[in-house]
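All remarks here apply to the structure that follows.
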Amino acid sequence: MRARQLAVLGVGAAALEFVCRIGWVRPTTLIAPTAMVEAMLRALAEPATLEDFGLTLAEVAAATLLATALGIALGLVLHALPRLRRAFEPFIASYYALPLFALYPVLVVVFGVGARPIVATGVLYATMSVVIGTLAGLDHIPPVLRKTARVQRLGMLETVIRVLMPACAPEILSGVALGLSYAFVAVIASEFLLASQGVGHAIADAYNSFKTPRMYGLVLALALLVVLINGALRRIRGRMSAGET
């Protein structure tokens with residue numbers, strides 16, 4: 001399966017290279033994949049670019065960690081209170097259909113200009129996927145584990161830490177991985193608007209300055225980074241699932 005995916009990706013890249021090299025598309029609109037790689041390497045050789053990536057990664061990490069803590073807590077509360085969960089289910093189902101990014105000006109008013117409203121936007125986008133993952137994991141915990149916790153006379157906090165969280169860790173990690181992707185989207189989009197630093201600002205600046213190769217090089221570097229991070233999380237989840245079986 002992986003070889004087939006790589007083959008499809010290679011064929012697509014070769015076709016795009018051919019289309020760009022023969023001039024079917026203007027270089028101000030799209031550049032060849034080899035040119036993207038060259039532009040990416042040139043951009044990553046600049047200290048300012050590495051600083052932008054470091055800032056963006058810090059914002060994404062902060063948003064993901066806050067969303068994970070908040071999502072797990074909300075998932076535990078909703079699972080423990082079935083009536084409250086039924087009342088919130090329509091909101092959960094339609095959460096990502098809401099125009100969450102429209103709240104960004106409000107967050108700027110509340111937190112001021114800087115990294116805090118960007119992180120808050122990332123938290124808004126990432127939290128619900130963690131909530132859904134936590135609920136899915138809690139719903140599939142075998143009843144025998146809860147009975148064991150009661151037999152051992154574990155308190156509520158001990159039951160959560162020692163029984164519930166380890167049992168549904170793979171599902172929570174799936175929600176975290178999805179939330180990480182949402183956090184990247186939210187942070188980059190926020191940096192497009194008002195930030196003076198970060199990868200999103202660098203991409204927007206390259207676009208506005210008609211530096212097409214640099215723009216595509218930054219986009220490619222960002223895409224590869226997200227793929228590597230999600231791949232690592234997917235591998236960790238696979239090991240957790242294998243350990244359970």
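The values are calculated or read from the model by the stated rules, or taken from the named source; none is laboratory data. Keep in mind the model is a prediction, meaning the values are calculated, not measured. No Cβ is skipped: glycine too gets one built from the backbone with ideal geometry, and neighbour counts run over all protein chains shown. Just the protein is used for accessible areas: all its heavy atoms, side chains included, with ligands, DNA and RNA removed. Shrake-Rupley method; radii C 1.70, N 1.55, O 1.52, S 1.80 Å.
Overview of results
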| read-out | value |
| --- | --- |
| Exclusive hit being in contact with a helix residue (DSSP H, G or I) (Cβ under 7 Å, 6 or more places away or on another chain), among the hydrophobic types (A, V, I, L, M, F, W, C) and either at pLDDT 90 or above or assigned to a loop (DSSP other than H, G, I, E, B) (or both), set L66, L41, L57, L16 | L66 |
| Selected residue (only one of I188, I203, I172, I161 is over 22 Å from L66 (Cβ atoms) and either at pLDDT below 90 or open to solvent by less than 40 Å² (accessible area, probe 1.4 Å) (or both)) | I203 |
| Selection count where residues are farther than 28 Å from R162 by Cα and open to solvent by 70 Å² or more (accessible area, probe 1.4 Å), scope the range 103-148 | 8 |
| Where a residue in the range 89-108 is over 18 Å from I188 (Cβ atoms) and its partner, wherever it lies, is open to solvent by 70 Å² or more (accessible area, probe 1.4 Å) and part of a helix (DSSP H, G or I), with Cβ under 8 Å and at least six apart | I92/I132 |
| Filter pass, L6 being open to solvent by 50 Å² or more (accessible area, probe 1.4 Å), without any contact (Cβ under 8 Å) to a residue 60 or more places away in the chain and under 25 Å from the mean Cα position of the chain (by Cα) | yes |
| Single residue of the range 16-29 satisfying the filter (under 21 Å from N208 (Cα atoms) and without any contact (Cβ under 8 Å) to a residue 60 or more places away in the chain) that is surrounded by the most Cβ atoms within 10 Å (Cβ to Cβ) | V25 |
